[in-house]
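The values are calculated or read from the model by the stated rules, or taken from the named source; none is laboratory data. Source: prediction; values computed, not measured. Don't worry about glycine lacking a Cβ; one is built from the backbone with ideal geometry, like all the others, and counts go over all protein chains shown.
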Amino acid sequence: MQTGNPRIDSSTAKLIVASDEAGYGAWAGPLVVVSVCVPRDWVGPKGLTDSKKLTEARREDLFEFLMRDPQVQWVAHFIGSSEVDKIGVYRANIGAHLAVHASLSETGCLHVADGNLDLGPNIVSLPKADALVPAVSAASIIAKVRRDREMVGYDRTYPGYDFAGSKGYGVPKHQAGLTTLGPCKIHRMSYAPVAAAVQRQAVIEQDDAMALMDELPQE
């Protein structure tokens, strides 16, 4: 494994702790950050790569393989929409990455995270690490599958937004549901498209109230 990052490529650590997140840009549902701890020379199953480059079926197959691999330790951290709204998605993401690394930290580990994140001096943040570092690829797949399954469950609780298909991202069916129904409890109210839907809903309710007043008999 050569990444072009000297801190990773020259490391003699016996273990690597690697993290990635799923749901950063979604309009609804949790942000999920996963860290994986494996031996430094672990390469994983054939076809392991960035979860976004895989079909859903292939992700599920690799997820099940990772769950059976005794060398793979992992931990997931879920941040709900209300927390994302409260502190912002970037801060929530940073905090979750730090938390999952701390959960699996052992003396002498090499710590790697996907992206360009300010995680301090002890964690190497590397763009496209989810395609370059097998342990990060594993974290990417676990985070994506765990979050996708959560969104399928939310689709039954909050029908009409195509959460099973959209996974909370701003695809047309989700946009249509948001326009028709307004936001539900798992939407991120601080995100501009959701905030706009809240405003539209408020205008509609105000117009309906005024229309009802106009229909009342005048004294």
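The set of residues in region 139-175 being hydroxyl-bearing (Ser, Thr, Tyr) and out of contact with any helix residue (DSSP H, G or I) (no Cβ under 7 Å at 6 or more places or on another chain) consists of 157, 158, 169. Among the residues of region 85-126, the ones that are hydrophobic (A, V, I, L, M, F, W, C), in contact with a Leu (Cβ under 7 Å, 6 or more places away or on another chain) and assigned to a loop (DSSP other than H, G, I, E, B) come to 2 in all. Checking 99, 28, 57 one by one, the residue that is at pLDDT 95 or above and surrounded by 21 or more Cβ atoms within 10 Å (Cβ to Cβ) is 28 and no other.
Only one entry of 171, 152 meets the criterion of being surrounded by fewer than 16 Cβ atoms within 10 Å (Cβ to Cβ), modelled with pLDDT of 95 or more and either touching a Phe, Trp or Tyr at 6+ places or on another chain (Cβ under 9 Å) or over 24 Å from residue 78 (Cα atoms) (or both), and that entry is 152.
Considering region 116-145 alone, what residues qualify as being without any contact (Cβ under 8 Å) to a residue 24 or more places away in the chain and either within 24 Å of residue 55 (Cβ to Cβ) or out of contact with any Gly (no Cβ under 7 Å at 6 or more places or on another chain) (or both)?
Those that are without any contact (Cβ under 8 Å) to a residue 24 or more places away in the chain and either within 24 Å of residue 55 (Cβ to Cβ) or out of contact with any Gly (no Cβ under 7 Å at 6 or more places or on another chain) (or both): 116, 120, 121, 122, 127.
Exactly one residue among 20, 50 is crowded, with 17+ Cβ neighbours inside 10 Å, under 13 Å from residue 146 (Cβ atoms), acidic (Asp, Glu) and in contact (Cβ under 8 Å) with a residue 24 or more places away in the chain, and that residue is 20.
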